[in-house]
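Trainee: Sharing a structure, written as structure tokens. Questions coming.
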Amino acid sequence: MEGHAPEPHRDASRMRISDEDRHRVAEVLRQAAGEGRIDIDELDERLEATYQAKTYGELVPITVDLPTGAVPAPRPDLPLGAPTGPRYTSSVAVMSETRRTGPWLIEDGHTAFALMGSVVLDLRDARFEQREVTVNASAVMGEVKILVDAATTVRMEGFGVMGEYSEQRPKVPFDADNPGVTVRVRGLALMGSVHVQRRGRPGEGLRKRLGRHGS
């Protein structure tokens, strides 16, 4: 019996989009215009391109230069601890990988963007300038992963277009007795993923194992 020829690889960027996909991108554009990121002429041009688009690949350049989520005004909260480690206002990966780990200072409105790449924001040892921060996280055919500790409250406010924007199953339970900071995650996953996961502090599992062996 003759074998079947393998099916050709399906390019996701050439798949057809729905009206709902167009409406979601249009809302991102209107919000960007309201924030002054694009002017009225640009808004009209991009909306026209959005409603004329037929595939996911045609949507990519329309919002690729926009942080798809509002950046709130600075809050008068006091800093949480003295600033230690480097300060980053953005984390960008274009066909590459960017990782923020260890002690570092995260500001409100931090932008994480992955274009055919990977961004990892480990907030478990990070210092926060205030008790609530917004991370504008977007991925286009890439991945943004955010790690938080047991005491962090997470608010997912983004959405996926042929992608996934979600909080993953936690590795440790939420510590309601010792609430910490609140992290709001806003943006768009276009043929990519933005995930947040709650994990134990770095090295915590090893310390527990060593403690059991020592007892």
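Trainee: Provide the per residue accessible area, probe 1.4 Å, for segment 88-196, rounded to a whole number of square angstrom.
Mentor: 40
Trainee: Extension gain Ala26-Val92, at 0.36 nm per residue separation less the Cα-Cα distance, in nm?
Mentor: Difference between extended and current length: 21.4 nm.
Trainee: Within a Cβ distance under 12 Å of Glu164, other residues only, what is the Lys/Arg minus Asp/Glu net charge?
Mentor: -1
Trainee: Once R0 is set to 25 Å, what does the formula 1/(1 + (r/R0)^6) return for the Cβ-Cβ distance between Asn178 and Arg99, expressed as a FRET efficiency to the nearest 0.05?
Mentor: My answer for the efficiency is 0.40.
The values are calculated or read from the model by the stated rules, or taken from the named source; none is laboratory data. The structure presented is a predicted model; accordingly, all values stated were derived computationally and were not measured. Note: ideal-geometry Cβ built from the backbone for every residue, glycine included; neighbour counts use all protein chains shown. Side chains are part of the model used for accessible areas, which takes the heavy atoms of the whole protein and leaves out ligands, DNA and RNA. Shrake-Rupley method; radii C 1.70, N 1.55, O 1.52, S 1.80 Å.
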